[in-house]
Amino acid sequence: MTAVHKLNLFLSEPGAVASLRLIRVRGSSPRSTGTEMYVRETGLWGTIGGGQLEHLAIDAARKMLREGNLVQHLDVPLGPEIGQCCGGRVEIAITSMEASDKELALAALQSAEAQQPATYILGAGHVGRALADLLQHLPVRTVLVDQRQDELALSAANVEKRLSAIPEIEVMNAPAGSAFVVLTHDHGLDFLLASAALQRGDAAYVGLIGSATKRAKFASWAKKHCDGLSIAPLICPIGAGGSRDKRPAVIAALVAAEVITAQTSEPAAVSPEWGTALHIAAQ
C-alpha cells in the first residue's frame with residue numbers, strides 16, 4: 001500500500017479533518033516553513049516537529065473542529081514557557097479541510113513521492129534484504145535487484161523488486177542522482193556494477209560491500225579494464241561508521257544513514273510525512 005493510498009484512507013474516514021501548516025518560522029525550529037500535518041478527533045498524520053509545540057497545535061485543532069470553526073492562527077514562541085528550548089518562533093495556520101483541500105493534499109504527496117531519489121540495492125542477500133527493510137520507511141524510492149528469484153522472494157520489504165539477468169542495465173537506466181549499493185554474491189559482478197555506477201558520473205552515492213583489500217583490488221581492476229576510471233567517489237567499505245559489527249542489520253543501518261545523507265544534502269520539498277496514520281484516543 002502506497003503512502004498516497006494510506007493518506008487517502010485517512011482523509012476519507014468519517015469526521016472533520018484539520019490541516020496544520022507552518023506558515024512562518026523565525027529562528028530555530030524543529031521543522032521548516034511549509035511543513036504540514038493532518039488532525040482528526042482520533043487520528044494524526046505526519047508531524048510539525050513534535051514536542052509541546054505539536055501538542056498545543058493538535059489540541060487547538062481538535063477544539064476548533066469540535067466548535068465547528070473553520071480557521072485558526074497560532075503564533076508560538078519555542079521557549080521555556082512551553083517546555084521547548086529551540087529559541088525560535090513559529091506561526092501555524094489551522095484549517096478545516098474541504099474536499100478540494102484533501103485532493104490537493106493527495107496530489108502534493110503524490111508529487112513528492114514522484115520526486116523521491118532512487119536507491120538501487122544491487123544484491124538481495126542478507127545485507128541487501130536488511131537494507132531494503134530499512135529504506136522502505138524512508139523518503140527514497142528503493143529498487144532491490146538480483147539475478148536470483150529465490151533471493152528476491154525472501155524479501156518482505158515494501159519496495160520494488162526486479163529480477164534482472166543483466167543488472168548493469170538497471171544501473172545504466174537509473175535516473176540521475178540515484179544511489180547504488182553493490183553487494184551481490186559475486187565479486188566479479190560487484191566490480192562490473194560498481195564501475196558502471198561510477199562511470200555514470202551523476203550518482204549521489206556508490207557503495208561497494210567489502211574491505212579495504214577489496215577496494216584496492218577494485219582500484220587495480222578498474223585501472224586495467226575501465227580506462228583509468230577514478231574510484232575516488234566510491235564508498236568501500238560501506239557502513240564503516242566506526243563499527244566492526246558485521247551483522248546484516250547493523251551494516252544495513254549504517255549504510256542507510258550514508259545513503260540518506262548523500263541523497264538529502266539539499267533540503268527536499270516539504271510535504272506531509274508518508275507513513276501510517278496514527279490513530280489515538282482523543283485527549
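The table that follows gives values for the structure above.
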read-out: Rg/Rh (Cα only; Kirkwood hydrodynamic radius) as it applies to the stretch 118-263; value: 0.93
read-out: Residues Ser164 and Thr2, FRET efficiency given R0 of 25 Å [Cβ-Cβ distance, rounded to 0.05]; value: 0.60
read-out: Residue-averaged 222 nm ellipticity for the chain, from DSSP H runs of 4+ at -39500 (n - 2.57), nearest 500; value: -12000 deg cm²/dmol
read-out: Mean Cβ count within 10 Å, highest first, over the residues of peptides 97-107, 206-216; value: 206-216, 97-107
read-out: Peptides ranked, highest mean first, by Cβ atoms within 10 Å: ranges 168-177, 115-124; value: 115-124, 168-177
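Each reported figure results from applying straightforward, stated rules to the coordinates on display, with no laboratory input. As the structure is a computational prediction, the values presented were derived from the model and not from experiment. Every residue, glycine as well, gets a Cβ built from its backbone with ideal geometry; the counts of neighbours run over all protein chains shown.
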